[in-house]
Amino acid sequence: NYSFSSLKFNVTHLLFLNEAFKIIVEEVLHKGTDAEEKVCEWREPESLALLLDLQLRDTGESQGRLLQRVRNVAKYSIKTSHPHFFNQQFGGVDYHSLAGRFLTEALNTNLFTYEVAPVFVLMETEVLKALRQLVGWTDGDGIFCPGGSTSNMYAMNLARYKLFPEVKTKGLWALPRLAIFSSPGSHYSVQKGASYLGFGTDSVVLVKVDDGGRMIPEDLDAKIELAKSQGFVPLLVSCTSGTTVLGSFDPLDCIADVCDKHQLWMHVDAAWGGSVLFSKQHRHLMKGVERAKSVSWNPHKMLLAGLQCSAFLLQDTTNLLKRCNCANASYLFQQDKFYDVNLDIGDKSVQCSRKVDCLKLWLMWKAVGSTGLEHRVDKAFLHVRYLLEQMKKRDGFQLVSTPEFVNVCFWFIPPSLRGKEGNADYQDKLAKVAPVIKERMMKEGTMMVGYQPLGDLGNFFRVTVFSPHICHKDMDFFLDEIERLGKCL
């Protein structure tokens with residue numbers, strides 16, 4: 001009787017899983033990647049909450065009801081793999097990576113000891129080694145983190161521990177005032193990290209950038225000298241390879257010279273732009289990266305490894321990462337185990353529970369090889385070139401700056417504003433164009449693209465073109481749709 005009940009239980013749940021998977025394939029992987037379908041089914045928050053029936057109750061529901069809930073979640077979620085989703089620095093789908101993500105979820109393990117995750121301890125080590133080799137390091141260390149923000153905070157924490165190891169036991173009271181240097185275009189995680197780690201946001205010194213958004217090394221040198229004169233101890237320079245908005249690449253070689261001069265930790269936030277290292281044609285954008293102490297790199301962005309997949313890479317070979325973060329929990333990291341305890345990598349992390357993020361990248365890399373990933377990067381640059389050529393043929397599209405990467409930033413100027421650049425209210429009116437067009441495209445569900453102000457510049461669009469699944473027809477649609485939604489403003 002027990003065996004029969006157990007079998008019935010398993011069959012019922014496997015049937016549910018099978019039907020749920022069919023819905024996922026239909027709604028997300030079929031409709032969600034079809035250019036003829038909508039990117040989103042927009043609903044106002046109150047309406048959406050009512051439709052989804054989000055309230056949790058004491059009693060369970062039938063399988064049929066649950067399957068309808070699965071369908072509703074899929075239907076009313078944003079289709080980030082859609083060829084007209086240009087909104088973020090992630091999108092598209094790689095099916096080898098997706099298979100790795102399914103397998104990761106099914107195995108449901110924690111990547112902290114060899115005894116519970118033997119396959120993934122070895123796999124993560126190998127993937128990190130391959131990524132470090134692309135940076136230009138023959139040896140080093142690293143770990144997969146829950147996003148680039150966390151990777152950047154790892155760098156800040158490690159730099160502090162390296163210079164002042166007593167911070168681990170004595171805390172912040174024993175430290176002098178520390179200074180971190182970055183650019184106005186750097187990711188907001190630098191500011192958040194300074195707050196979270198106790199540096200304080202006033203410790204972040206913003207270095208001037210040139211017209212292309214790249215950090216100016218001469219101003220960095222001057223700012224470091226100024227900080228010293230004000231009683232600060234300069235600690236770290238956070239460079240960016242691929243800024244979030246403009247896609248700018250800081251001049252790493254020249255910045256490394258400044259860091260060497262002042263003996264500062266050089267960190268490169270390459271969460272967005274790091275994938276150019278696969279490309280022989282475009283890796284020059286990160287010339288000098290091998291001189292950094294640490295690098296953040298998110299393969300879930302340009303490479304389509306799937307959220308989340310973020311690597312923190314270190315040149316260090318002295319076990320700095322573990323010495324900084326370890327707590328030596330004896331119920332996990334026993335030193336008398338029957339295997340090499342150096343394979344218990346969990347004490348390198350500030351987390352205890354850590355998701356397996358290496359499998360999706362490993363399986364995708366195995367499938368297409370480094371050559372395939374290089375082609376993926378090169379294709380993105382070709383798409384940008386095509387988009388720029390088409391923009392030049394149309395009225396009303398004005399670039400914010402010439403793209404260095406795959407971020408194309410522009411204003412759309414409606415016919416009613418053309419030729420009126422000298423009017424006192426021109427900039428105010430132009431800044432209202434992007435938000436209105438964005439609202440219209442989302443409510444119609446045809447497309448998604450981001451917008452933002454930057455410094456003194458009013459709202460402009462930022463389209464990121466990198467998915468290998470898009471084609472020229474999709475980019476023509478993008479320009480047509482901007483014109484259609486904005487021509488009457």
task = Of the numbered conditions (1) open to solvent by 70 Å² or more (accessible area, probe 1.4 Å); (2) not aromatic (Phe, Trp, Tyr); (3) not in a helix (DSSP H, G or I), HIS96 fails exactly one; give the number of that condition.
result = (3)
inquiry  = When you check ASP211 against the structure, is it under 30 Å from VAL406 (Cβ atoms) and part of a helix (DSSP H, G or I), yes or no?
reply    = no
request  = Tell me which residues, restricted to region 78-93, are of a type outside the set (Ser, Thr, Tyr) and assigned to a loop (DSSP other than H, G, I, E, B).
outcome  = ILE78, LYS79, HIS82, PRO83, HIS84, ASN87, GLN88, GLN89, PHE90, GLY91, GLY92, VAL93
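Yes/no per residue for (1) of a type outside the set (D, E, K, R); (2) part of a loop (DSSP other than H, G, I, E, B); (3) farther than 19 Å from ALA117 by Cβ; (4) in contact with a Leu (Cβ under 9 Å, 6 or more places away or on another chain):
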residue: ALA311; (1), (2), (3), (4): yes, no, no, yes
residue: PHE338; (1), (2), (3), (4): yes, yes, no, no
residue: GLN351; (1), (2), (3), (4): yes, yes, no, no
residue: MET364; (1), (2), (3), (4): yes, no, yes, yes
residue: VAL368; (1), (2), (3), (4): yes, no, yes, no
message = What's the number of the only condition in (1) assigned to a loop (DSSP other than H, G, I, E, B); (2) open to solvent by 30 Å² or more (accessible area, probe 1.4 Å); (3) within 29 Å of GLN89 (Cα to Cα) that SER186 fails to meet?
response = (2)
query = Looking at region 387-446, which of its residues are part of a strand (DSSP E or B), more than 25 Å from the chain's Cα centre (by Cα) and buried (at least 19 other Cβ atoms within 10 Å of the Cβ)?
reply = PHE397, PHE412
Top-ranked residue of region 454-469 - restricted to ones that are farther than 30 Å from THR33 by Cα and either of a type in the set (Phe, Trp, Tyr) or within 24 Å of the chain's Cα centre (by Cα) (or both), ranked as most open to solvent (accessible area, probe 1.4 Å) = GLY455
key: Within region 33-66, considering residues that are of a type in the set (A, V, I, L, M, F, W, C) and surrounded by 15 or more Cβ atoms within 10 Å (Cβ to Cβ), the one nearest to PRO468 (Cα to Cα)   = VAL39
query = For region 306-351, how many residues are in contact with a helix residue (DSSP H, G or I) (Cβ under 7 Å, 6 or more places away or on another chain) and either in contact (Cβ under 8 Å) with a residue 24 or more places away in the chain or crowded, with 17+ Cβ neighbours inside 10 Å (or both)?
reply = 20
Subset tally (residues that are surrounded by 15 or more Cβ atoms within 10 Å (Cβ to Cβ) and in a loop (DSSP other than H, G, I, E, B)) for region 470-489 = 2
request  = Answer yes or no as to whether TYR114 is under 30 Å from GLY445 (Cβ atoms), open to solvent by 30 Å² or more (accessible area, probe 1.4 Å) and not basic (Lys, Arg).
outcome  = no
key: Boolean, LYS355 is within 30 Å of ASN110 (Cβ to Cβ), under 19 Å from the mean Cα position of the chain (by Cα) and open to solvent by 30 Å² or more (accessible area, probe 1.4 Å)   = yes
query = If you take the residues in region 252-294 that are closer than 17 Å to GLN89 by Cβ and in a strand (DSSP E or B), which one is farthest from the chain's Cα centre (by Cα)?
reply = VAL268
inquiry  = Of everything in region 117-133, what is open to solvent by less than 50 Å² (accessible area, probe 1.4 Å) and touching a strand residue (DSSP E or B) at 6+ places or on another chain (Cβ under 9 Å)? Give them in sequence order.
reply    = GLU124, VAL127, LEU128, LEU131, ARG132
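What are the residues in region 128-165 that are within 26 Å of THR371 (Cα to Cα) and aliphatic (A, V, I, L, M), if any?
If the condition is that a residue be within 26 Å of THR371 (Cα to Cα) and aliphatic (A, V, I, L, M), then LEU128, ALA130, LEU131, LEU134, VAL135, ILE143 are the ones that fit.
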remark   = Within region 101-153, residues more than 20 Å from the chain's Cα centre (by Cα) and among the aliphatic types (A, V, I, L, M) come out as LEU103, ALA106, LEU107, LEU111, VAL116, ALA117, VAL119, VAL121, LEU122, MET123
Candidate set: region 203-250, residues that are open to solvent by 40 Å² or more (accessible area, probe 1.4 Å) and under 29 Å from GLN88 (Cα atoms); chosen: the one modelled with the lowest pLDDT = ASP211
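The values are calculated or read from the model by the stated rules, or taken from the named source; none is laboratory data. All values reported here derive from a predicted model rather than from experimental measurement. Note that each Cβ is placed from the backbone with ideal geometry, even for glycine, and that neighbours are counted across all protein chains shown. For accessibility, only protein heavy atoms count, side chains too; no ligands or nucleic acids. Shrake-Rupley method; radii C 1.70, N 1.55, O 1.52, S 1.80 Å.
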